[in-house]
Protein chains: 4
Amino acid sequence: MASGEIRVALIGTKFMGKAHSNAWAQVAHFFNRPVKPVMQVVCGRDPAGTQAMADTWGWQETSTDWRETIQRDDIDLVDVCTPNNNHAEISIAALKAGKHVACEKPLAMNTQECDAMTKAAKASKKLNFTWYNYRRVPALALARQLVKEGRIGRVYHVRCIYLQSWIMDPKFPLVWRLQGAVAGSGPHGDLNAHIIDAARFITGEEVSEVSAAFETFIKERPLGAMTGGLSAKGGSKKGKVTVEDAALLIGRLSGGGLCSFEATRFAQGRKNGNGIEINGEKGALRFEFEDMNRLKYYDASRPSYLQGWTDILATEANHPYFGAYWPAGHIIGYEHTFINGAADILEALGKDDWSNLKPDFADSTKTQRVLDAAVKSAKSRSWVKTGC
Amino acid sequence: MASGEIRVALIGTKFMGKAHSNAWAQVAHFFNRPVKPVMQVVCGRDPAGTQAMADTWGWQETSTDWRETIQRDDIDLVDVCTPNNNHAEISIAALKAGKHVACEKPLAMNTQECDAMTKAAKASKKLNFTWYNYRRVPALALARQLVKEGRIGRVYHVRCIYLQSWIMDPKFPLVWRLQGAVAGSGPHGDLNAHIIDAARFITGEEVSEVSAAFETFIKERPLGAMTGGLSAKGGSKKGKVTVEDAALLIGRLSGGGLCSFEATRFAQGRKNGNGIEINGEKGALRFEFEDMNRLKYYDASRPSYLQGWTDILATEANHPYFGAYWPAGHIIGYEHTFINGAADILEALGKDDWSNLKPDFADSTKTQRVLDAAVKSAKSRSWVKTGC
Amino acid sequence: MASGEIRVALIGTKFMGKAHSNAWAQVAHFFNRPVKPVMQVVCGRDPAGTQAMADTWGWQETSTDWRETIQRDDIDLVDVCTPNNNHAEISIAALKAGKHVACEKPLAMNTQECDAMTKAAKASKKLNFTWYNYRRVPALALARQLVKEGRIGRVYHVRCIYLQSWIMDPKFPLVWRLQGAVAGSGPHGDLNAHIIDAARFITGEEVSEVSAAFETFIKERPLGAMTGGLSAKGGSKKGKVTVEDAALLIGRLSGGGLCSFEATRFAQGRKNGNGIEINGEKGALRFEFEDMNRLKYYDASRPSYLQGWTDILATEANHPYFGAYWPAGHIIGYEHTFINGAADILEALGKDDWSNLKPDFADSTKTQRVLDAAVKSAKSRSWVKTGC
Amino acid sequence: MASGEIRVALIGTKFMGKAHSNAWAQVAHFFNRPVKPVMQVVCGRDPAGTQAMADTWGWQETSTDWRETIQRDDIDLVDVCTPNNNHAEISIAALKAGKHVACEKPLAMNTQECDAMTKAAKASKKLNFTWYNYRRVPALALARQLVKEGRIGRVYHVRCIYLQSWIMDPKFPLVWRLQGAVAGSGPHGDLNAHIIDAARFITGEEVSEVSAAFETFIKERPLGAMTGGLSAKGGSKKGKVTVEDAALLIGRLSGGGLCSFEATRFAQGRKNGNGIEINGEKGALRFEFEDMNRLKYYDASRPSYLQGWTDILATEANHPYFGAYWPAGHIIGYEHTFINGAADILEALGKDDWSNLKPDFADSTKTQRVLDAAVKSAKSRSWVKTGC
């Protein structure tokens, strides 16, 4: 395919379903790609909710049966936004049905599932992509660029946090994200996944071994709002929380540096506190998502009396992705990271070459290996090699 | 009209045309209003550019004749995004044709034009609205709310800046925004207009008198890229710059406080530096657009050892507008201010009552009075009453 | 004098008396100057308070008669920290008595007094110095250095604020700083003096003309704590406030740029909010006193995708003054600006050449001319040339 | 002792010798304590350097023999600022000689030494104090106060960093701080000690177990500047670096929370980056030393739409220690933390009761236990209980 349309089926209608719908709706408004998306069908378990999603976002059809959906001849790309325990099954089935697949993160429940997905992807030769959306924050894409330009040099430290607080109230119910069987893990797979991916992306290095501590602060929560959103309220019966509330890691990088990752939903004062700092031989980088239009860069090659953290407002036309949007200083937000992802998918499809579209399943499997090693470490109370 | 569709004609295809197209395309994705917009026709002088705009954004038709467009029966609302010297003529004609009108800021070239527009609006009884988009930054709407709640008390100081730097290069060409006959003024009408409006909006007070200084630092610029965008390059011939490069005002508020406003396109280091600070008897507020998701609030009623500037991330579901978008901490950007404006227009149309939809033409005429008084003051080198 | 001791008489025992005592006590601890200060005598009107000052700070003697003090043979330098209405009389008398004189700012009550002081200084050939202490914040001295190095280029804008809030409570009493006869003015002479001096110092330009607005928000205040400090409480009788509570200026610089200055004691939320921003052709600078160890520098000569405000922590050994203190990152505070001033006085005395010790009386008279022009402008409601 | 003088002997003349000299010289200028310090004798190995120290700071006598010094009848308090490997020997000897002892941190080379010191302290009944100076940053003392007031509630997370970069240049020589036999450890004992102490101080909890990673990035360094300061340069011969360059810890708190500590001298861009964040049930706190006059406090008991991080400028008269210094907003610096320590020592001596003067040797031994457990963990690659 070098031009024309790509017909998308979206599987999943919650938070990520909304973010992806917006991406498909908006991408052609800002990016002039040879391939244009068609929002063909949205698929969810709840017929009414799925119809509402279609009505709001302009999906042409709805479905409650993903198996049927992925077999349709009029679908080219399956976009998977379901809870984590369905990622592997749906993605593999879609690939086998000859569809391109873009899947939400974390790629799967564990490395085994990821490996199966990667294998299916390789067999199919179809486009396969994992939505680690923060790679496409302009400021973080710029961070990657600066590393590639040699401005950081040998990496000594990578320090990542992803701090939230939305479940701190003990009355917050036992939603699917707090159930191990559905979510796989808590903030570890939800948030550490993001920052491990970001560290790998920016530095180009792998995390080779980790030591981890997990903790569940609130052991039981009200039942009765199993599919509820962030403001859902539970009933008076309680069930056991089967995921961690916080997960801390220290580790080593393939280049010899040290790294740390902390994910929690119990960081009072933090809403979406995704932060990263990289300290290298020649320079350093800092980023906080809540100020996502900024990258802080310390250039140690400058005369020492002029050195300092430079606050780059990554909103110039020559910054990654930003040229598609608005004049300098007119900032963009969270949702644009998904639009940028869709733009890169369309570009790859237009070139009929997705070998450079990252992270693909193989790439994001390495993030999963780190996640799995950390789970093992937390249980064994010892260091665990990731195999990366 | 209590439900159904509102058919929009957009007049203008440049920067604001893009921002408004996005607003009309996105509003129903996030806001569930009884009235939905239909992107009926986009109108511009350049047929090819206008067609490209329609193709990109989904306008159903194009036109190069605004006079014809505003007379069409299948148009309910005319959205005016042309250069400033056409605002009055188009808006008045559209109102006379029985259309609702939403017009970009500054409302017109001067108070006389504004008065004529207000008169036409009153005669028509149609919805009339001025797109001072920063009123709909959630953080600034929250600022207004805090003032209304009595948290600031008597206002002693309002301190506003709007600092840009995009024309500092002397080779930047003489585009329409630098020509007095088309633009009316330079950063005064472009940027001071915004911050005067914001000060009026948040405090609920008027600017009663001003003293101003205007300056044109680069007196001549290359000709040849008259309609060019920000990165346009001119030729070797030069023409006279007939607008100011910077405009500073000091003034008095109707409640007895002091105020200042500074607009410039020569503030090296500043991209879209729209900032406001209000110091009152009981509290204070600070805002900077490049961190638009934050409002800083100083609450002088707290115990003194706990007082400080509280950095409110205005991204909670109970903050103005934000509930329509994403979970807390997942920030929005510049373009959302226009989506919020469109949402408020649709709500007013749905209720068939736009008496509270502000700023209407009458309201934004008061901003124009301040602008005009400042022009007069800069020439007379003395204080000038605004009549507000 | 090329080495040895300099015997100091301090006139004044309040806030500035403390700051200067600390400077003389500390300077030789950090700076190895050939001349060392001897804290010979402190002079105040209140015998008990003056004795307490001597006991605390190690002044060898006390006096309640400044006229006698300045005539003593064992005094080399008179340091004047009295209320503003005594600066001229004491300084001139001391110069005539053959003493070096360091005088607090503002230099005097008006330009006439300043001129008389300058005349006396020239006649005496003695060291004369005005304690505009913020010139010796390392970050601001660095700002001056960057301008001198040509890193800013033509100056388009200077934007200064000095915002406090300590008299906002209407019950705060009518202390001497609120009485025109003693203080000369309110925040205008107290705070605008500082930022006008800073603007002149950093840019090397003069303020050529101004338009000003003054306001007294609280017209009457309790009597009965005339010499009270910041937390003093007045009685039930009230007297008229005879200085302004706030003073705003806009003006023009000798190089063609625009400038603004705002001083107020009614800026809720601001404690000692002394801020300056300079936007030039090639770069820009920002500073806020409450983060006084930092200078923000925007270097427009960098590749555009790397441009941003660089937050220079001015605590390196090669930053002005800082090498005398602590390792990088171990910050200093307000009091060190006075120590740095004392160090420069001692260095000038050691070289027996104070021609480069600035600001001397002639230099700070230019700041006074701007202050006086603003007073005139506020009364005449028109622009006034400063004569600088 | 209830009033009068306390005669101090300072052992050590380098960086900490300077900081302590300043504290003893300044404390009576700002704090009116019944007991005043006399700077009796300074003791160092290098006679010339020690004499210079005495001349600069006003120590009445010098000595090169600490054993003799601590036996002198005219010494009341011994202040130990030597390299870490002498702390225990000198402190114990001084206590046995009947002197009060204030010792720099880390208290000793290991827990065994600390226990011996604590035993000697208990036997002597003399004042014993460890200079963990950051406890006496006003903002951190305020943090402790807020925890005590119940404003944070159950502590879920403590996140500490202490990031420096002064030895990143591979040519930086093998000074004593890089030699295990003298320094005991690298940034672990130097910097982690500080932040572990701060975490214990503010939360009132202990660190119960840890997992650690240590790394030495530059394995060999030039010899020849063994006692050199920060800017020392070594020769061409190299020796082995026997301390770590970076030390990361994750751990658990006695109250069930998670904690992390990171100390490094390889954090490009960071000078003295001592930071702490505490997230609790009811509130949260943040602090960074380079902005040491500020404490950020998140109050989760406020209405949700007003919540945010409040930036408390801890410079009010009712903030800890600050009332001794300057008016609000006139900030203090690094050196004041030692002055505050000296003030607390004098107060305890004045009351003849040092039971509340913390950290005493027993208290800081608990910090040492955490340090030792981390060393053990780094070697064993497993979790280690601290015994606290």
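The values are calculated or read from the model by the stated rules, or taken from the named source; none is laboratory data. This one's a predicted model, so the numbers in the text were calculated from it and none came from an experiment. Every residue, glycine among them, receives a Cβ derived from its backbone with ideal geometry; neighbour counts consider all protein chains shown.
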**Complete:** Selection from region A:162-188 of residues touching a Phe, Trp or Tyr at 6+ places or on another chain (Cβ under 9 Å), in a helix (DSSP H, G or I) and either of a type in the set (Phe, Trp, Tyr) or surrounded by fewer than 21 Cβ atoms within 10 Å (Cβ to Cβ) (or both) yields A:Val182
**Item:** Given (1) touching a residue at least 24 places away in the same chain (Cβ under 8 Å); (2) of a type in the set (Gly, Ala, Ser); (3) within 25 Å of D:Gln179 (Cβ to Cβ); (4) surrounded by fewer than 23 Cβ atoms within 10 Å (Cβ to Cβ), index of the condition D:Ala48 fails
**Value:** (1)
**Asked** Among the listed residues B:Ile75, B:Ile92, B:Ile70, which satisfies the condition of being assigned to a loop (DSSP other than H, G, I, E, B) and crowded, with 17+ Cβ neighbours inside 10 Å?
**Response** B:Ile75
**Item:** Residues (surrounded by fewer than 21 Cβ atoms within 10 Å (Cβ to Cβ) and not aliphatic (A, V, I, L, M)) located in region C:19-29
**Value:** C:His29
**Message:** Which residue is farthest from B:Gly387 (Cα to Cα), if the candidates are limited to region B:251-269 and must be charged (D, E, K, R) and buried (at least 23 other Cβ atoms within 10 Å of the Cβ)?
**Reply:** B:Arg265
**Asked** Pick from region C:318-329 the residues that are assigned to a loop (DSSP other than H, G, I, E, B) and either out of contact with any Leu (no Cβ under 9 Å at 6 or more places or on another chain) or within 7 Å of chain D (Cβ to nearest Cβ) (or both): which of them is farthest from D:Lys271 (Cα to Cα)?
**Response** C:Tyr321
**Request:** Only residues that are in contact with an Asp or Glu (Cβ under 6 Å, 6 or more places away or on another chain), within 17 Å of C:Glu277 (Cα to Cα) and assigned to a strand (DSSP E or B): list them for region B:263-285, please.
**Result:** B:Gly275
**Item:** Only one of A:Met53, A:Met16 that is crowded, with 20+ Cβ neighbours inside 10 Å, in contact (Cβ under 8 Å) with a residue 60 or more places away in the chain and not β-branched (Val, Ile, Thr)
**Value:** A:Met16
**Message:** Quick test for you: out of A:Tyr305, A:Tyr298, A:Tyr321, A:Tyr325, pick the one residue that is free of Cβ contacts under 8 Å to residues at least 60 places away in the same chain and in contact with a His (Cβ under 8 Å, 6 or more places away or on another chain).
**Reply:** A:Tyr305
**Prompt:** If you go through region C:241-259 one residue at a time, do you hit one that is modelled with pLDDT under 95, among the aliphatic types (A, V, I, L, M) and under 27 Å from B:Val158 (Cα atoms)?
**Reply:** no
**Prompt:** Going by the conditions given, is A:Ala116 part of a helix (DSSP H, G or I), at pLDDT 95 or above and crowded, with 23+ Cβ neighbours inside 10 Å?
**Reply:** no
**Request:** Test D:Val8 against the criterion of being more than 19 Å from the chain's Cα centre (by Cα), touching a residue at least 40 places away in the same chain (Cβ under 8 Å) and away from every other protein chain (no Cβ under 14 Å), and give yes or no.
**Result:** yes
**Request:** Can you confirm whether region D:334-343 contains a residue that is crowded, with 24+ Cβ neighbours inside 10 Å, more than 18 Å from the chain's Cα centre (by Cα) and either away from chain C (no Cβ under 14 Å) or not polar (S, T, N, Q) (or both)?
**Result:** no
**Asked** What pairs come up if the first residue lies in region C:232-244 and is more than 13 Å from C:Arg177 (Cα to Cα) and exposed (fewer than 13 other Cβ atoms within 10 Å of the Cβ), the second is at pLDDT 90 or above and basic (Lys, Arg), and their beta carbons are under 9 Å apart, counting only those six or more places apart or on different chains?
**Response** C:Lys233/C:Lys171
**Complete:** Condition set closer than 11 Å to D:Gln268 by Cα and either at pLDDT below 95 or buried (at least 21 other Cβ atoms within 10 Å of the Cβ) (or both), scope region A:287-306, selection farthest from the chain's Cα centre (by Cα): answer is A:Asp299
**Request:** Please tell me if D:Thr310 is at the interface with another protein chain (Cβ under 8 Å from one of its Cβ atoms), in a loop (DSSP other than H, G, I, E, B) and buried (at least 20 other Cβ atoms within 10 Å of the Cβ).
**Result:** no
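One line per residue, one yes/no per condition, for (1) outside any loop (DSSP other than H, G, I, E, B); (2) of a type in the set (Lys, Arg); (3) under 30 Å from C:Val35 (Cβ atoms):
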site	(1), (2), (3)
C:Ile331	no, no, yes
C:Leu349	yes, no, yes
C:Pro359	no, no, yes
C:Arg369	yes, yes, no
**Item:** Among residues of region D:267-298, those that are under 17 Å from D:His194 (Cβ atoms) and more than 14 Å from chain C (Cβ to nearest Cβ), counted
**Value:** 5
**Request:** Within region A:35-66, work out how many residues are in a strand (DSSP E or B) and within 24 Å of the chain's Cα centre (by Cα).
**Result:** 9
**Message:** Taking the condition of being among the aliphatic types (A, V, I, L, M) and within 19 Å of A:Ala88 (Cα to Cα), how many residues in region A:103-154 meet it?
**Reply:** 9
**Message:** Pull out all pairs, ordered by first then second residue, where Cβ-Cβ is under 6 Å, the residues are six or more apart or on different chains, the first lies in region A:147-158 and is assigned by TED's automatic domain parsing to the domain that holds A:Asn279 and closer than 22 Å to A:Ile250 by Cβ, and the second is at pLDDT 95 or above and aliphatic (A, V, I, L, M).
**Reply:** A:Val147/A:Ile202; A:His157/A:Leu258; A:His157/D:Ala267; A:Val158/A:Ala199; A:Val158/A:Ile278
**Prompt:** Under 9 Å by Cβ, and 6 or more places apart or on different chains, what pairs join a residue from region A:162-181 that is in the same structural domain as A:Thr82 (by TED's automatic domain parsing) with one that is modelled with pLDDT of 95 or more?
**Reply:** none
**Message:** Test of understanding: among A:Ser21, A:Ser91, which residue is of a type outside the set (Asp, Glu) and more than 14 Å from chain B (Cβ to nearest Cβ)?
**Reply:** A:Ser91
**Prompt:** If B:Leu248 passes every condition in (1) outside any loop (DSSP other than H, G, I, E, B); (2) buried (at least 24 other Cβ atoms within 10 Å of the Cβ); (3) in contact (Cβ under 8 Å) with a residue 40 or more places away in the chain but one, which one does it miss?
**Reply:** (3)
**Fill in**
Apart from one, (1) more than 16 Å from the chain's Cα centre (by Cα); (2) crowded, with 24+ Cβ neighbours inside 10 Å; (3) part of a helix (DSSP H, G or I) all hold for B:Ala212; the odd one out is (3)
